[in-house]
Amino acid sequence: MRAAALAADLGLHFRALSAPAPLLQHHPHLGVEEAARRERYRLLGQAALEAGAHMIATAHQREDQAETVLLHLFHGSGVHGASAMSEQAAVPFPFPSAKSDISQETAIISLWRPLLQEPRRSIDRYVARLGLAWIEDSSNDDVSLRRNAVRHRILPLLEHHFPGAAAALARYASLAAADDEALDHLAAAAIPEVVDPGGRLTAAALVEKPLALQRRVVRRWIVDTTGLTTITAERTDAVIGLAAAGEGTPTIEIGDHWTVHREQGMLHLSNVNVKRPDQDQEHDREWQERR
């Protein structure tokens, strides 16, 4: 194995981990690329924790960032998606998956991408000067996979017609990240104004906010209360519509058996699979602990 041999030459510890197969069985409702991405981070986190490490470094570079921006924009993402990858981020482990239990204890590991602003060609030249040879994964040439199609067809075409497109997209990600951070701060400040101690969202207070802030507050409310991490823009806007509507509006499903309904001017989150007499008391106590 080339990686093991290189590690031995450099005097570095080497460890190989394998993702479970079949991969999609462990990540239902996800595409193969996203499932593989989650497994990579899960295994990296596992290895880091077992080694007593608190940081993981990856080799993502500027073209990777540009590809990620395009993929997110093609999915209709907002400013959060457009911000793509950050150079450094705190990531909870175990890494979330479709089968993860959000109640289990997690550790926070810093994810570092030190080469994120470096163009791929500069890295290639540097590696060549060191006399190192890399291995190309044959799956990277499969243009039926969306990221590969962006890498081999779309981004080169953009560079042909708009020289410097990758650099511009990476710069846009940095600008979007600053806007995203500002929205997060505004949403954090707005939460006490619109969410009561029992975790219910006040409809009238929400709809008074600018639409962009409404969306961020709703997503934060749902994530903090349920642990869901994949709330679609369509479901977010449906909850906002519920807040703006009158009483008697239908219950909205937001995923993983969670629903939102309106009662006496308040929006309530409920899980249809959880039916306990003491549910409201536990919900109130957990909400107070989070705050």
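A short reminder: the numbers here are calculations on the coordinates, not readings from a lab. Computed from a prediction, not measured in an experiment: that's the story for all the values here. Cβ atoms come from the backbone with ideal geometry, glycine included; neighbour counts cover every protein chain shown.
Think of segment 2-174 as having a plus end and a minus end, set by charges on the Cβ of Lys, Arg, Asp and Glu; of S77, A167, L43, A167 sits farthest toward the positive end of this dipole. Computed from point charges on the beta carbon alone (+1 for Lys and Arg, -1 for Asp and Glu), the dipole magnitude for segment 110-208 about its Cα centre is near 580 Debye. Taking every DSSP bridge with both residues inside segment 2-174, close to 65 percent are antiparallel. Once Lys and Arg get +1 and Asp and Glu get -1 on their Cβ, which of T202, A3, A245 lies farthest toward the positive end of the dipole of the chain? Of the listed residues, the answer is A3. Each Cα pair under 8 Å and six or more residues apart adds its sequence gap; the mean of these over the residue count of segment 2-174 is a relative contact order of 25 percent. For Rg/Rh (Cα atoms, Kirkwood Rh), the value computed from the atomic coordinates appears in the list [x] 1.01; [y] 1.07; [z] 0.98 under label [x].
Dipole magnitude for segment 2-174: computed about the Cα centre from +1 point charges on Lys and Arg Cβ and -1 point charges on Asp and Glu Cβ, it is near 220 debye.
Charge dipole (Cα centre; +1 on Lys/Arg Cβ, -1 on Asp/Glu Cβ; no other charges) of the chain amounts to roughly 700 debye. What the phi angles of segment 235-240 give under the Karplus curve with 6.51, -1.76 and 1.60, with θ = phi - 60°, is a coupling list of 5, 4, 5, 5, 5, 4 Hz, glycine and proline written as x. Comparing mean-square fluctuations of D137, D224, D64 from a GNM of the chain with C-alpha springs under 10 Å, the top value falls on D137.
Largest mean-square fluctuation among A82, A149, A16, in a Gaussian network model of the chain whose springs join Cα atoms under 10 Å apart, belongs to A16. Exposure proxy for E193, E39: other Cβ atoms within 10 Å of each Cβ, ordered fewest to most, give E193, E39. For the options H160, H268, H72, a Gaussian network treatment of the chain with springs between C-alpha atoms closer than 10 Å singles out H160 as fluctuating the most. When the Cα positions of S86, G227, L115 are compared along the charge dipole of the chain, L115 comes out farthest toward the positive end, with charges on each C-beta of Lys, Arg, Asp and Glu. Rounded, prolate or oblate: which one fits segment 2-174, using the alpha carbon gyration tensor with axes a ≥ b ≥ c (rounded when a/c is under 1.5, else prolate when a/b beats b/c, else oblate)? Since a/c reaches 1.5 but b/c is at least a/b, the shape of segment 2-174 is classed as oblate.
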